[in-house]
1. Hey, among G117, G69, which residue is at pLDDT below 85, farther than 30 Å from E13 by Cβ and either surrounded by 10 or more Cβ atoms within 10 Å (Cβ to Cβ) or out of contact with any Cys (no Cβ under 7 Å at 6 or more places or on another chain) (or both)?
2. Out of curiosity, is L151 in contact with an Asp or Glu (Cβ under 8 Å, 6 or more places away or on another chain) and surrounded by 12 or more Cβ atoms within 10 Å (Cβ to Cβ)?
3. Go through the range 154-176 and give me each residue that's outside any loop (DSSP other than H, G, I, E, B) and either touching a residue at least 24 places away in the same chain (Cβ under 8 Å) or exposed (fewer than 13 other Cβ atoms within 10 Å of the Cβ) (or both).
4. Pairs under 9 Å by beta carbon, first residue farther than 20 Å from K51 by Cα in the range 17-28, partner among the polar types (S, T, N, Q), six or more apart or different chains?
5. Being under 48 Å from the mean Cα position of the chain (by Cα), surrounded by 11 or more Cβ atoms within 10 Å (Cβ to Cβ) and at pLDDT below 90, is that true of even one residue in the range 99-107?
6. Report yes if S176 is under 30 Å from E13 (Cβ atoms), at pLDDT below 80 and not basic (K, R), otherwise no.
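The values are calculated or read from the model by the stated rules, or taken from the named source; none is laboratory data. All values reported here derive from a predicted model rather than from experimental measurement. Ideal geometry is used to build each Cβ from the backbone, glycine not excepted, and the neighbour counts take in all protein chains shown.
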Amino acid sequence: MNDLVCKFCGAYEAATKEKSSGQNENDVLKLAHEIFFNNHKKKFTLEHACKELRNDQKWCELSSSKNEGSSKRRKFEDGSHSACSEANEIDSGVADEGTTRPTGVKAAKARGKKPMGDAKDMSRFQNMWTIKQQDLALKEKISKMRLLDSLIAKQDPLADYEEALKKKLVNELMSS
């Protein structure tokens, strides 16, 4: 099926290039069927598949460079081109310039494996990380001081576990 659709797409492209003024899409399609039949000696029966796939990324013309590369151009000795080739160049699919091809699997993988930032960004990140760690350590120390203040300010006698916690906090805060 893929092979036949590819061959019909080639016939359709040839029919599109032969399209004259006044011909509509149905005329081009009939001409494409004739070209396909003349080349392959059988009728194309997968037109429904071709209609579905016509606007799909694989089957669209990807860029106008494909058309420009295949056109035959005659150069004169002064470097200019013949007039008829310039007319063909203007007619070649300029409308498809907006269509861009998505990145391939290999390119996407390579981009994913490439290091994201440069050394400057990495050093900036390391600097922010150390500041954040210092900030967290300071907050933890303040939290321990508040707990110790609440234990010292208590009017009632402390329970055994509260007394042990008080001694532990005093030792930690005095040693650091």
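1. On the way: G69 fails: farther than 30 Å from E13 by Cβ.
Only one candidate passes the filter, namely G117.
2. On the way: in contact with an Asp or Glu (Cβ under 8 Å, 6 or more places away or on another chain): yes; surrounded by 12 or more Cβ atoms within 10 Å (Cβ to Cβ): yes.
Yes: the conditions hold for L151.
3. So the first thing to find is which residues in the range 154-176 are outside any loop (DSSP other than H, G, I, E, B), and the list is 160-175.
D160, Y161, E163, A164, K167, K168, L169, N171, E172, L173, M174, S175 - these are the residues of the range 154-176 that are outside any loop (DSSP other than H, G, I, E, B) and either touching a residue at least 24 places away in the same chain (Cβ under 8 Å) or exposed (fewer than 13 other Cβ atoms within 10 Å of the Cβ) (or both).
4. Going by the 9 Å Cβ cut-off, there are no qualifying pairs.
5. Initially, the range 99-107 is screened for residues under 48 Å from the mean Cα position of the chain (by Cα), giving 99-107.
Next, from what is left, pick out any that are surrounded by 11 or more Cβ atoms within 10 Å (Cβ to Cβ): 99, 103.
Narrowing further to those that are at pLDDT below 90: 99, 103.
Yes; the residues of the range 99-107 include at least one that is under 48 Å from the mean Cα position of the chain (by Cα), surrounded by 11 or more Cβ atoms within 10 Å (Cβ to Cβ) and at pLDDT below 90.
6. Numbers: under 30 Å from E13 (Cβ atoms): no; at pLDDT below 80: yes; not basic (K, R): yes.
No: the conditions fail for S176.
Residue-by-condition table, conditions (1) surrounded by 16 or more Cβ atoms within 10 Å (Cβ to Cβ); (2) part of a helix (DSSP H, G or I):
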position: D3; (1), (2): no, yes
position: C6; (1), (2): no, yes
position: G10; (1), (2): no, yes
position: G22; (1), (2): no, no
position: D27; (1), (2): no, yes
position: A32; (1), (2): yes, yes
position: F36; (1), (2): yes, yes
position: N39; (1), (2): no, yes
position: K42; (1), (2): no, no
